[in-house]
Structures are given as structure tokens and as C-alpha cells.
Amino acid sequence: MSKLFILGWDNCLISDVTLHKVHPSYVQMWQTVDPLMGAKWTFADTMRMQGLSPQQVWNELALLLGKEKAEHGRRIFYDTYRQLPVPPLTPNAELLLETLQTCGCDVVVVSNKNQSLLEEEIDRLQLGKLIDVALGTTADSAVQFDPADPNQKLKSRCRLLEQAIGSCPDAEEVIVVAGAGYAEAAYRIKVDRFEEASAPVFDWVAAQVKEEADRATANKKQR
């Protein structure tokens, strides 16, 4: 059976990206454009921003600070983000990716971050050969967001999952392995299975896929 695995990137395949890259980038941005806000900005504030599209984040910042100051802040955020090292892979993540590729599964990675940033991080970790498709936020997806819609996070994740499925139309089974934020989105679009992202889950999924592949190979030999 052809299997498609949709894997979360941030805080899933790579660990603690919010703590080690996103939060320091917000702090540096606010300390530069508004030191008073920078002194008050907490990790909880950063967490509330997670799951929003970059377009929504910077549009809201423009309403708060004005376009010129917001654009300055945006540049500081991304300059800081790019200078910080990519966090290490979650334990067993590379084993999972290698197993999925060896067993002939399709692998799509999803993230709410900009497409260019996602591709840069995959390249820096030298994982391109283990990932078939990487889907982040592009100019086309950004225009779909509605600042007045309170369900933007859910809709954004649903769109990413649907786009991932559309990139592999021949898959007979779809499995989402991502953080808890993708649980409702996976349920909404009726994917076959959802698992929380963690090292033990990666190990279990890899073992299950390998076992099924070995069984299929043995059946072919018996014929």
C-alpha cells in the first residue's frame, strides 16, 4: 500500500525551535523597535503567535506600529532568526526519515514558516534527499488569510495538510505525525491516523513501516 507521511517540521522533526530561534528573534525585534515592549515580551507571548501565518503576524504588527516601523521590525526578526543555529533533530527523527525513504513511502514536511526559511533549514541539516516535498507559507497561501477570522490557525494547518495530500495523489494511506496543533486539522480533513510527535513515536512508526515492508517482501518471495 502506498503511504504518505505528512511530518511537522517545527518542534517536531527539529526540537525546541520556538524556544531557541523564534522567541529570541521576537525579543531582539521588540528591543530594537520598542524597548518597552521588548522588556515585557515573554515566551508565552511568543507561543500565542505560533501557528499564525507570517503574513498575519506582520500585518498585525503594521497596524500596531505603522508600516515603516513594522517593516524594520520584520527585517530584524528574520536577520536574527537566520543568524541563530538550527536546533538539532529530535531523537529518532533521522531514523524515521531514512526508514520511510528506504521503504518507499512519500514524505512531505509542513511548516507555517516562510517557504524560503523552511528550505534553508532543510538544506543546513542536509535532509533534502530524505524529504520529497517541503511545504511552507508562500505568497499565494498568504493572500488567503482573513485577519478577522478567529480560526486562522486551524484553517492554515488544514490548507497545508490538503496541499500535502494533493502533492501525492496516488497515496492510499495518509499518516500525519506532527505536534498537537495539527490534531484537529488532521481530524477535520479525515486523514487515516494522527500521532503526537515525539522520539518514541518516531521509533514506533519506523518499526511499523519496516515490519510491513519486510512482510510484503517476504510475501513476494513466497509467490
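The values are calculated or read from the model by the stated rules, or taken from the named source; none is laboratory data. Everything numeric in this text was worked out from a predicted model, so none of it was measured. Here Cβ is always computed from backbone atoms with ideal geometry, including for glycine, and neighbour counts include all displayed protein chains. Just so you know, the surface numbers come from the protein's heavy atoms only, side chains and all, with ligands and any DNA or RNA stripped out. Shrake-Rupley method; radii C 1.70, N 1.55, O 1.52, S 1.80 Å.
Worth pointing out:
- Residue, nearest to S15 (Cα to Cα), within the range 195-209, restricted to residues that are open to solvent by 80 Å² or more (accessible area, probe 1.4 Å) and either in contact with a Leu (Cβ under 6 Å, 6 or more places away or on another chain) or in a helix (DSSP H, G or I) (or both): P200
- Unique residue being open to solvent by 20 Å² or more (accessible area, probe 1.4 Å), within 22 Å of Q163 (Cβ to Cβ), β-branched (V, I, T) and touching a strand residue (DSSP E or B) at 6+ places or on another chain (Cβ under 9 Å) when the list is V133, V86: V133
- In the set (1) open to solvent by less than 50 Å² (accessible area, probe 1.4 Å); (2) under 16 Å from D10 (Cα atoms), C103 fails one condition alone, (2).
- Long-range neighbours under 9 Å by Cβ, at least six apart or interchain, first residue surrounded by 13 or more Cβ atoms within 10 Å (Cβ to Cβ) within the range 166-186, second of a type in the set (F, W, Y) and modelled with pLDDT of 90 or more: V174/F5; I175/F5; V176/F5; V177/F5; V177/F202; A178/W9
- Filter pass, N59 being within 13 Å of W9 (Cβ to Cβ) and either in contact (Cβ under 8 Å) with a residue 40 or more places away in the chain or open to solvent by less than 80 Å² (accessible area, probe 1.4 Å) (or both): no
- The one condition in (1) at pLDDT below 95; (2) in contact with a Lys or Arg (Cβ under 6 Å, 6 or more places away or on another chain) that S116 fails to fulfil: (2)
- Breaking point among (1) farther than 16 Å from T90 by Cβ; (2) of a type in the set (S, T, N, Q); (3) surrounded by 12 or more Cβ atoms within 10 Å (Cβ to Cβ); (4) modelled with pLDDT under 90, for N219: (3)
- Just one of the listed residues (D140, D214, D146) is at pLDDT below 90, of a type in the set (D, E) and not in a helix (DSSP H, G or I), namely D146.
- Check on K21, within 16 Å of S111 (Cβ to Cβ) and at pLDDT 90 or above: yes
- Sole residue being charged (D, E, K, R), part of a helix (DSSP H, G or I) and farther than 18 Å from V209 by Cβ, chosen from E98, E121, E94: E121
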